[in-house]
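Worksheet for the structure shown next.
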Amino acid sequence: MSADQNMSTQDTSFEYKHVTVLLNEAVDAMGVAKDTHEAVYIDCTFGRGGHSKLILQTANPKSRLIGIDKDDRAIETANELAANDGRFKIVKDSFAQLKQIATDEGLLGQVDAILMDLGVSSPQLDEADRGFSFMNDGPLDMRMDTSSGISAAQWVNETDENTMMHTFFDYGEEKFSRRIAKAICEHRETSPFTRTKELADVVAKAHPKWQKGKNPATRIFQAIRIKINQELDDLEQALADVLDVLKPGGRLVVISFHSLEDRIVKRFIKRQCKGDELPRGLPVFDQDLNQTMKMQGKAIKPTAHEIDINPRSRSAVMRAAVKL
């Protein structure tokens, strides 16, 4: 989820300062420009509103857009947008509650398109006080919703070494997870972690093989962030509810930023497109397989031009599917 570029709007007081990844591609995949009826859309990860803003600019004047986010600063930006456009509403919650939110809004089975722009946004990385970045020293927090859950500092200081090792390996795909977990646990015995730079320095010192152009703390910070925000669990839950929320012909568009997310999304879409698992060679027609979705084109990645403008987009992958 990286955020939003400056876009000309009818309300010139409402401006964005950062770049949304695959902005036009995502809104195109949602089919917004082709919807001539009063459509309903859900932006599951509002961020700083780049996708939402373009959806509203492109959509039928009588269409509706529901935004979801659990980050207080994202909610502040969303409230500004809601004040300027009555078609938009923001809900502060995790998108794991997608089905409940749609039910509360009376939209279950009526949504034309759902967008999920996963991961951490550029403002969260750039604002040192959020504690997401190993590049900018700040309090070791990393919570997307700072009003709930445990901080990264609590997790790092209290988690046992074995659990920490598995978290780094499973969520960060860090092959030196055991060595790094040991170094962290040894350091916290005399000096509990409170700052991002302190943790990044310990990780860098413990990491035996630095990758060119990549900070050795990258995978560790990713793993901790995913763990304390329950990002993969939330994604699994949201995907499980997509079919109940979308109308027939409704579209799902997901932008992922690392292989763990993309693997979950790819597996989900493939499973829905394939339908029932039946013995090979059984004489059945496609319509008998209970297929629930159809893949919409191939996976899309940012162009070289977009990566030049916004290097953080380089790992993005967008997948889309249509409910049958």
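Report the FRET efficiency, 1/(1 + (r/R0)^6), for residue 201 and residue 76, where r is their Cβ-Cβ distance and R0 is 41 Å, rounded to 0.05. Can you show the working numbers first?
Values: r = 33 Å, r/R0 = 0.80.
Efficiency, from the Cβ-Cβ distance: 0.80.
The simple Förster model, with R0 at 45 Å and r as the Cβ-Cβ distance, assigns residue 137 and residue 240 a FRET efficiency of 0.70. Multiplying the residue separation of residue 166 and residue 214 by 0.36 nm and subtracting their alpha-carbon distance yields 15.1 nm.
Mean 1/r over all different Cα pairs, inverted: what Kirkwood radius does the chain give, in Å? Don't skip to the answer; put the middle values down first.
Numbers: mean 1/r = 0.0481 Å⁻¹.
Over the chain, the inverse of the mean reciprocal pair distance is 20.8 Å.
Charged side chains reduced to their Cβ positions (Lys and Arg at +1, Asp and Glu at -1) give segment 34-98 a dipole of some 160 debye around its Cα centre. The string of couplings for segment 159-171 from the Karplus curve (6.51, -1.76, 1.60, θ = phi - 60°) is 6, 5, 4, 5, 4, 4, 4, 5, 5, 5, 6, 6, 9 Hz, one whole number per residue in order, with x for Gly and Pro.
Our estimate of slack between residue 150 and residue 314, defined as 0.36 nm per intervening residue step minus the Cα-Cα distance, is 56.0 nm. Note on the chain: dipole from Cβ charges, positive end direction compared against 68, 42, 293; the farthest Cα belongs to 293.
In units of the rule-of-thumb radius 2.2 N^0.38 Å, segment 19-171 shows an alpha carbon radius of gyration of 1.18. For the cross-link pairs 70/182; 92/214; 62/266; 89/214; 62/294; 214/323, the ones whose C-alpha atoms lie over 30 Å apart are 70/182; 92/214; 62/266; 89/214; 214/323.
Quick check for me: using +1 on Lys/Arg Cβ and -1 on Asp/Glu Cβ, what's the dipole size of the chain about its Cα centre, in debye to the nearest 20? Kindly include the intermediate steps, with their values, before the conclusion.
Values: 44 positive and 49 negative charges, 240 e Å.
Here the chain has a charge dipole of around 1160 debye.
Three principal axis extents describe the C-alpha atoms of segment 171-274; from largest down they are 58, 28, 20 Å.
Under a 5 Å amide H cut-off, with hydrogens placed 1.01 Å from N, residue 145 pairs with nothing among residues at least 5 apart or on other chains.
Note on residue 134: accessible area is roughly 50 Å² with a 1.4 Å probe, heavy atoms of protein only. Site pair residue 36 and residue 89 shows an inter-label distance of 2.8 nm when each label is modelled 7 Å from Cα along Cα→Cβ. For segment 122-231, the normalised intensity computed at q = 0.11 Å⁻¹ comes to -0.29 (log10 of I(q)/I(0), Debye sum over alpha carbons, equal scatterers, no solvent).
Calculate the FRET efficiency for residue 194 and residue 270 from the Cβ-Cβ distance with a Förster distance of 45 Å, rounded to the nearest 0.05. Don't skip to the end; give the middle numbers.
On the way: r = 43 Å, r/R0 = 0.96.
With R0 = 45 Å, the Cβ-Cβ based efficiency is 0.55.
Highest mean packing first, where packing is the average number of other Cβ atoms within 10 Å per residue, the peptides 90-96, 32-38 line up as 90-96, 32-38.
The values are calculated or read from the model by the stated rules, or taken from the named source; none is laboratory data. For clarity, every value in this text was computed on a predicted model and none was experimentally measured. As a convention, Cβ positions derive from the backbone with ideal geometry for all residues, glycine included, and neighbour counts pool all protein chains shown. These area figures cover heavy atoms from the full protein model, side chains too; ligands, DNA and RNA do not enter into them. Shrake-Rupley method; radii C 1.70, N 1.55, O 1.52, S 1.80 Å.
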